[in-house]
Amino acid sequence: MRSLPVGHLRRGGATAAVVALAPLAGCGLGAGTPATGVTLTVTVGHGNEVLLDRPHPATGGEDTVLRLLQRNTTVKTKYGGQFVTSIAGSGAAADGDWFFWVDGVAADRGAAAWRLRDGDRVWWDRGASEAAPGETPAVVGSFPAPLVGGFDGRAGTVDLRCAEPNQAACRLVRQRLVAVHVRSATPAEVARPPGAPGAPVRVVVG
């Protein structure tokens with residue numbers, strides 16, 4: 001069982017992704033080759049209670065994130081499939097809504113519109129309503145994703161910024177990034193505006 005600590009990542013100085021309220025119709029995108037190396041985790045309370053933890057979930061051709069979920073557990077929706085209300089028998093309502101992250105980043109579209117890719121790490125969580133997980137744009141439980149392999153089919157690079165470049169904390173972070181084969185952003189990538197295509201993930205060490 002993997003631990004899923006909550007943290008923050010920012011891409012190019014802006015939040016890595018916008019919150020998506022999980023949901024839309026539960027279908028795949030058509031015939032095709034199933035994604036490989038995918039993992040699926042479902043928790044309650046920001047990872048405190050694990051409902052489902054599958055390192056090798058069942059997948060099908062051209063699956064979406066929602067279809068992956070439906071293949072591996074029971075799922076209920078409302079409003080014509082617009083919102084996920086229950087996963088693995090655990091409901092929402094006053095207990096909080098369901099949100100999901102792919103490779104540690106909150107999605108910017110519904111789960112039925114998110115195409116599943118090789119190596120994607122999908123995490124659904126239902127948090128308390130007073131501290132909804134959707135308020136967290138990114139989490140560290142999928143590290144080294146999205147720093148390695150990129151995000152949503154885009155190649156990833158990192159722009160490391162340190163308040164004190166010569167301090168031990170900065171050296172340690174740099175060593176850990178190198179150890180997991182994170183690629184440093186080029187000057188041209190660093191110069192791109194936050195959120196622009198090809199903008200790197202910015203890692204800031206205070």
Practice task
State yes or no: is Pro146 in a loop (DSSP other than H, G, I, E, B), in contact (Cβ under 8 Å) with a residue 60 or more places away in the chain and either under 20 Å from the mean Cα position of the chain (by Cα) or surrounded by 16 or more Cβ atoms within 10 Å (Cβ to Cβ) (or both)?
Solution key: yes
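Taking Ala113 as the residue in question, decide whether it is on the phi > 0 side of the Ramachandran plot, open to solvent by 10 Å² or more (accessible area, probe 1.4 Å) and at pLDDT below 90. Don't jump to the end; show me each part of the working.
On the way: on the phi > 0 side of the Ramachandran plot: no; open to solvent by 10 Å² or more (accessible area, probe 1.4 Å): yes; at pLDDT below 90: yes.
Criteria not met by Ala113.
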Completion exercise
How many residues of the stretch 155-206 are more than 22 Å from Asp103 (Cβ to Cβ) and in contact with a Cys (Cβ under 7 Å, 6 or more places away or on another chain)? The answer is 3
Handout entry: Every residue from the stretch 159-203 that is over 19 Å from the mean Cα position of the chain (by Cα) and β-branched (Val, Ile, Thr)
Key = Val173, Val178, Thr186, Val190
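If the requirement is being modelled with pLDDT under 90, among the small types (Gly, Ala, Ser) and over 18 Å from Thr41 (Cβ atoms), which of these qualifies: Ala138, Ala169, Ala179, Ala128? Don't jump to the end; show me each part of the working.
Values: Ala138 fails: over 18 Å from Thr41 (Cβ atoms); Ala169 fails: modelled with pLDDT under 90; Ala179 fails: modelled with pLDDT under 90.
Just a single option satisfies the conditions, and that option is Ala128.
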Handout entry: Residues satisfying the stated conditions in the stretch 151-166, i.e. at pLDDT 85 or above and touching a strand residue (DSSP E or B) at 6+ places or on another chain (Cβ under 6 Å)
Key = Val158, Asp159, Leu160, Arg161, Cys162
Practice task
Could you tell me whether any residue of the stretch 39-56 is β-branched (Val, Ile, Thr), loosely packed, with under 14 Cβ neighbours inside 10 Å, closer than 17 Å to Asp118 by Cβ and modelled with pLDDT of 70 or more?
Solution key: no
Practice task
Would you kindly identify the strands (runs of 3 or more DSSP E) lying entirely within the stretch 34-127 that contain at least 3 residues that are basic (Lys, Arg) and over 17 Å from the mean Cα position of the chain (by Cα)?
Solution key: none
Practice task
Any chance you could count how many residues in the stretch 183-206 are open to solvent by less than 50 Å² (accessible area, probe 1.4 Å) and at pLDDT below 90?
Solution key: 9
Practice task
Keeping to the stretch 164-178, report how many residues are open to solvent by 70 Å² or more (accessible area, probe 1.4 Å) and either of a type in the set (A, V, I, L, M) or part of a helix (DSSP H, G or I) (or both).
Solution key: 6
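Hey, among the residues in the stretch 76-85 that are in contact with a Ser or Thr (Cβ under 7 Å, 6 or more places away or on another chain) and not polar (S, T, N, Q), which one's least open to solvent (accessible area, probe 1.4 Å)? Spell out the reasoning first.
Of the residues in the stretch 76-85, the ones in contact with a Ser or Thr (Cβ under 7 Å, 6 or more places away or on another chain) are 76-78, 83-85.
Checking which are not polar (S, T, N, Q) leaves us with 76, 78, 83-84.
Numbers: Lys76: 134, Lys78: 95, Phe83: 73, Val84: 13 Å².
Step by step, filter the stretch 76-85, then rank; the result is Val84.
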Practice task
Please verify whether the stretch 62-71 includes one or more residues that are farther than 22 Å from Ala145 by Cα, in contact with a Lys or Arg (Cβ under 7 Å, 6 or more places away or on another chain) and open to solvent by 60 Å² or more (accessible area, probe 1.4 Å).
Solution key: no
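The values are calculated or read from the model by the stated rules, or taken from the named source; none is laboratory data. In this text the structure is predicted, and so the values were computed from the model without any measurement. Cβ sites come from the backbone with ideal geometry, for glycine too, and all protein chains shown count toward neighbours. For the accessible areas, the whole protein counts, side chains as well, though only heavy atoms, and no ligand, DNA or RNA atoms are used. Shrake-Rupley method; radii C 1.70, N 1.55, O 1.52, S 1.80 Å.
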